[in-house]
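Student: Supplied in structure tokens, the structure appears directly below.
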Amino acid sequence: MTPTRPAPNGTRLGELWRILPEEATASGDGVLEIGGVAVTELAERFGTPLHVYDEVGLRRQIRRFIDGLGERWPDSEVLFASKSLPAVGMYRLAHEEGLSIDIAGGGELQLALAAGVDPARLYFHGNAKTDAELQMAVDAGIGTIIVDNDDELDRLERILVRPQRLLLRVIPGVEAKTHVSQATGGSGSKFGLPMDQAERAIARMQAHPLMEFVGVHLHIGSQILDTAQFAEAVGKISTVGTFSTYDVGGGLGVSYTYDEQAPSVESYLDAIVAAAREHLPAGSRLMIEPGRSIVARAGVTLYRVTSVKRTGRTFVAVDGGLADQMDIALTQQRYEALLADRLLEPWSESVQLVGRQCESGDLLVDGAPMPPAHVGDLVAMTATGAYAYTMSNNYNGALKPAIVFVSDGEARLVTRRETYADLLATHAPARAGVLV
Ligand SMILES: Cc1ncc(COP(=O)(O)O)c(C=O)c1O
């Protein structure tokens, strides 16, 4: 499909195609289409708020990572950091496309197994894995556990009954240029062991008959736009020692706004592999774990306008909010939005796009250019494919949105919207009268 991509005067549509899904286009009457389906039809059929994913774009992006790393380094493996979109449909798609999967916790393990992912392709991360989670992972036949600390080694000593592949997470001391809560490789990080404690932990694993220690892992953070930082991390990890495997984590940033220019997958891979050629053993396995950069651009969130208020500023309020876009509060991530059913009209207003949660911080976009909005219009927030669904919650009793994958003119519901029955279910004890 070759999308028609108009850029009429009086709109900023031309600039937005860069951050809209690859298979997005505008119909002749100005309605956003994704994967050949009009968003008006999607909203009608599945309701709003709705997370819509361009499946073709997703698969294409995955191939850029797998093929791109494979072409540059002989023994490579790409993991999908599933925390960025923990939906069974996405686990299945990622597995189908040949990605291994990074899980962090028992819940993501369950989702991956439910999707039919081969347990041997799972990598278990986390700085606070419990006995129960490790037992569950080992029982499921998990391929690799990324050991974070000595207490986890104590646990594994108790649990293991057969050989288990292990990586060790180290703290490289790279202060990533990103939001403080997304930087994970600086010297003060809670994740992994400092370099000077790694040797002892590695010796412990190597001495244990059931621990198959294969190499080291690091992850310097998320939404990183300077590829030199990834190269620096590769240099640091090489100093831990000579092993068969080096996993250099995820973290490639994406373009969220009109102004942001994220590096391409290719330039990211060039930077990592150039550093690997310089620092790592030629025959070693090089692994990466992208999450955000696989799924962010492929996703948009659709909202219905519920009210338009002009009080000196124009507030356009929609039927969702912070509960489905927590990133905005946690990391001050900025997004763009567009009036998805009237793209071609002049964008003559700059509006405060606000949600319905009881916080003034529930400001989805501060100054979104769009035509004058009416109640019932459809708004699309762009590049919401990563971590939005992940962090959706029930603030003010909000229901977690549904997820739809769209390709070649067809839409498939992969995750249904939460219902009020779901919302009430965990409160069954109180409803059954335990308090009266
Ligand atoms: C261990 C690990 N690997 C990979 C990722 C994925 O990062 P991103 O989504 O920024 O690519 C994360 C997320 O922070 C992570 O904690």
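Student: Tell me, yes or no, whether region 165-182 has at least one residue that is in a helix (DSSP H, G or I) and in contact (Cβ under 8 Å) with a residue 24 or more places away in the chain. Before you say what the answer is, go through the steps one by one.
Tutor: To start, the set of residues in region 165-182 that are in a helix (DSSP H, G or I) comprises 180-182.
Next cut, in contact (Cβ under 8 Å) with a residue 24 or more places away in the chain only: 181-182.
Checking region 165-182: at least one residue is in a helix (DSSP H, G or I) and in contact (Cβ under 8 Å) with a residue 24 or more places away in the chain.
Student: Okay, next question. Hey, could you check region 165-182 for residues that are more than 22 Å from Ser284 (Cα to Cα) and buried (at least 21 other Cβ atoms within 10 Å of the Cβ) and say which is farthest from the ligand (Cβ to nearest atom)?
Tutor: Taking region 165-182 as the starting set, the residues that turn out to be more than 22 Å from Ser284 (Cα to Cα) are 173-182.
Now narrow it down to the ones that are buried (at least 21 other Cβ atoms within 10 Å of the Cβ): 174, 176.
Working: Val174: 14, Ala176: 10 Å.
Ranking the qualifying residues of region 165-182, first place goes to Val174.
Student: Give Phe243, Phe213 a once-over and let me know the one that is without any contact (Cβ under 8 Å) to a residue 60 or more places away in the chain, surrounded by 15 or more Cβ atoms within 10 Å (Cβ to Cβ), part of a loop (DSSP other than H, G, I, E, B) and more than 21 Å from the chain's Cα centre (by Cα).
Tutor: On the way: Phe213 fails: part of a loop (DSSP other than H, G, I, E, B).
Of Phe243, Phe213, the one residue that is without any contact (Cβ under 8 Å) to a residue 60 or more places away in the chain, surrounded by 15 or more Cβ atoms within 10 Å (Cβ to Cβ), part of a loop (DSSP other than H, G, I, E, B) and more than 21 Å from the chain's Cα centre (by Cα) is Phe243.
Student: Follow-up. Out of all the residues in region 259-300, which are within 15 Å of the ligand (Cβ to nearest atom) and either acidic (Asp, Glu) or at pLDDT below 95 (or both)?
Tutor: Glu260, Glu289
Student: With the checklist (1) within 16 Å of the ligand (Cβ to nearest atom); (2) exposed (fewer than 15 other Cβ atoms within 10 Å of the Cβ); (3) in contact (Cβ under 8 Å) with a residue 12 or more places away in the chain in hand, flag the one item Arg162 doesn't pass.
Tutor: Unmet condition: (1).
The values are calculated or read from the model by the stated rules, or taken from the named source; none is laboratory data. In this text the structure is predicted, and so the values were computed from the model without any measurement. Cβ sites come from the backbone with ideal geometry, for glycine too, and all protein chains shown count toward neighbours.
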